[in-house]
Structure formats: C-alpha cells, structure tokens
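Trainee: Below: one structure in structure tokens.
Laboratory data are not the source of any read-out in this text; all were calculated from the coordinates shown. The shown structure was predicted, so the numbers you read here are calculated from the model rather than taken from an experiment. Counting neighbours? That spans all protein chains shown, and the Cβs are built from the backbone with ideal geometry, glycine included.
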Amino acid sequence: MNRDYYQSPNPSKIMKWLWKAAGSDSYILKRSTYNDQVKYACLGGIVVATGFMAALAGGYAIYTIFEPKGSALQNDVHVPTAIFSTLFGIIWGLIIFNIDRFIVAATGKGDGTEAITWQEFTGSIPRIIMGLVIAITISKPMEIRMFKSEIDAELHQAQLEKRKEYEAATKANYDERFVLIDTDIEKIEKERNKLLDRLTDIESQYADEVRIVRPGPKAAALKSLMESLAAKLSSFDADNKNELDRLHDNRLKLQNELDIELAKNEEVAGGLDGLLERILLAHEVAGFWITLFITLLFVVIELTPIFFKMMLIKSPYDYMSDNISELLKADNGIQIKYDYYKDKQGQERNLIINHQANKKIEEKMSLIRAQTELSDYIIQKWKEKEKENIDKDLDKYIDEV
C-alpha cells in the first residue's frame, strides 16, 4: 500500500507462500511493514522446514522398516521399497506440515510483550507437548541416517555373532539325531570289519601256505575256511544292505534339514537390520550427550514458532488484524463486553451479544404475539356471533348441536 510517509514492500510469490504456511493473513501483511512481513515469512519458513525434515525422516524410517533384510553392509537400493517410502514420506511430511501450521496458527499472540508469562506458558502446554512428540519422531530417523556408516559396521558385527549363536544352537539340536544314526551305522560296519579282518587274516595264512611246493592239508583247511568267511561276508552284506541304505538316506535327509535351518539362521540374523535395532545402536555409537543434543536441536526447531509467537511485540499487523476482526463483528452485529461478569469460579467472563440474532428473535416474538392477539380476536368475534344465533332461535340451535 502506498502512503505519503511509507510504502509497503511488494511481496514475492515465495514470501506469500511462506505467509500461508505460517497461517497469517496475506491481505493485512501486504499493507503492513516490512518487519512484519519478514517475521511471518520466517515463521512460515520454519514450518515448511519442519515438514520437509519430517518427509525425509518418515520416508527413511519406512524404507528401513520394509527394505529386504540381509547383511548390514549391503547398500543396494531396493527400488519398489524406495518408491513406496518416497510416497509415504511426502504424505507424512504434508501431515506434519499441516499439524505444525495448525499449532502455529492456533497459538495466540500472548500479551504483546517480549516476556513469556506463566499464564501464556501454561496455556501453550498442549501445543508444546504436540511439538515435542513431532520433534522426537523426526529426530530418531535422522540420527540413524547421520551415523549410518558406524551403525552398519556395528550391526554387521552383531549379525555375525548372532549367526554364530544360531548355528551353534541349531547344530546342537541335530547332533543327538546324527549320533543315533552314526551309532547304528558304526555298529554294522564294526561287525563287518570283524568278518573282513578275519577273512584278510585267513587269506594271508593261505597265501603263506601255497608258497610251499606241495600244499598240505593245512592249506586246504585254510582255503575252506576262507571260502566260508567270504560267504559269510557276502551274506552279511546282503542282509544289512537295506538297513545301511536306510540309515544313509536318513542321514542325508537330516543333513539337508540342517542345511535348510542354517540358511534360515542367516535370514534371522539378517532380520536384525531393523529400525529399532538401528535406533538402539545409534544411542550406543553416538553416546547419550550427542543423541540428546540432536534431539534437542529438533525440539528447538519445532517449538521455536510457539515461543516466537508468545514473544512477539504487538505490531501494525496485530493492530490491523484486531481492527478488521472488530469491523467484521460489527458488520455482523456481534458485540463483546470484555470482563463483564464473573462465573461461579470467580473467573472474568466476556458478555457476547449477537444483535442480529437478537433482532431475529424479537421479530419472531413480535410475530407470535401478533398471531396470538389475532387468534384471540377471532375467537371473541366468533363467540359474539354464536350468541346472536342463540338469541334469535334457541330451539333450533339446540337441535343443531
């Protein structure tokens, strides 16, 4: 607005957008001072920045939750999860932006001084609590992204240790079953080895005897015994073949089951790569004070608009806003008498008079009173007319009734 003593700056489109983000009235700000314009643009910038950080934090958190699990050192981007997390991050950022915009717009101007009174602070406690919750939800995903390299290294080590524990426990569960099968196999093989050793010994003795030019009766006996042992060994192999095949098959199946379980253990160890585990490791890697500092940083960013509005000194924007508010109330017949009466608790209350509503009520009341008077007059005239009919011919009136 151009004046002889001052010309209001012409705001840019970005500044107007920041005003909207702060929930301020662009119509008034266009006619206000540059100082007011900058203050509310900065306020809107904080709200926009908070929404942007919320979008990043929410998208990264969702990606961490839903990305395929595996080794913490694998940094390949899973495209479907990345697309989904990006869409969620945008929606989440808009939600936080809208909540922050509501918090800032709903926060009053305080008493118009730089001092924050106890009454102003207590009145803002619900908004402060909402801001704290938002700040914490934003800060945690940002923490794990800041310390991603250190967290990945620690998480990979934890996965290896957990995998070893799972493998040891899994193998311990299968060792007893392997021992039972191996014991049965060893028992059969031990009996066979006895026969084989006996046969080998007899064959050695027979070989020594046949080296004589003319083998005697001993060589014949050894040959007969050797043939008998060979027949027993063949019979033993035939009798135990099915049992040995069954035991070896069972052992192979058990080994396959063990391999499958060990592969599952790798998946279970990879499942440690989750959001909660990364948050816990972020606290361990960064330490209490650094984690607290980062959280407090986001808390300050989130709560700054609330305290900022309570510390604002009344400016032309506020006076014009109050003036327009009073004009609108006057145009609509609304009158407020401030601190007009005390309630039962002794609190000062305002008396709100809605003149247009009262006018409508008076009109309705007057119309009802007029209708009542007319109805009474009609009834009175009807009674007079009926009395005349009765006076003229009583018998006829009685017959009609």
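Trainee: Identify the trypsin sites (Lys or Arg not before Pro) of the range 286-384 meeting these criteria: DSSP loop state and at most 14 other C-beta atoms within 10 Å of the C-beta.
Mentor: When the trypsin sites (Lys or Arg not before Pro) of the range 286-384 are filtered for loop state and at most 14 Cβ neighbours within 10 Å, K314, K344 remain.
Trainee: Using Stokes-Einstein with the Kirkwood hydrodynamic radius over Cα pairs, what translational diffusion coefficient do you get for the chain at 25 °C and a viscosity of 0.890 mPa s, in µm²/s rounded to a whole number?
Mentor: So the translational diffusion coefficient is about 76 µm²/s.
Trainee: Now for a different question. Relative contact order of the chain: what whole-number percent is it, with Cα pairs under 8 angstrom and at least 6 residues apart?
Mentor: Result for the chain is 23 percent.
Trainee: Among the listed pairs K314/K342; K359/K381; K360/K381; K314/K344; K140/K314; K164/K253, which have their C-alpha atoms separated by more than 25 angstrom in this model?
Mentor: Going by Cα-Cα distance, K314/K342; K359/K381; K360/K381; K314/K344; K140/K314 fall outside the 25 Å limit.
Trainee: Please compute the length gained on full extension between F178 and D331, using 0.36 nm multiplied by the number of residues separating them and subtracting their Cα-Cα distance.
Mentor: Using 0.36 nm per residue and subtracting the Cα-Cα distance, I get 45.8 nm.
Trainee: For the range 157-270, what does the relative contact order come out to in percent, with C-alpha contacts under 8 Å and a separation of six or more?
Mentor: Over the range 157-270, the number comes to 49 percent.
Trainee: Tell me, what is the percent relative contact order of the range 226-378, built from C-alpha pairs under 8 Å that lie six or more residues apart?
Mentor: Relative contact order of the range 226-378: 9 percent.
Trainee: Calculate, in nm to one decimal, what Y377 and N240 gain on full extension: separation in residues at 0.36 nm each, minus their alpha carbon distance.
Mentor: Here the answer is 36.8 nm.
Trainee: Quick check: from the Cα gyration tensor, does the range 354-400 come out rounded (a/c under 1.5), prolate or oblate?
Mentor: prolate
Trainee: By a straight-distance test (C-alpha under 17 Å), which aspartates and glutamates pair with K20 as possible cross-link partners, with residues fewer than eight away in the same chain excluded?
Mentor: D36, D100, D318
Trainee: Another question, if that's okay. In Å, what Kirkwood hydrodynamic radius results for the range 157-270 from the alpha-carbon pair distances?
Mentor: Across the range 157-270, the inverse of the average 1/r is 17.9 Å.
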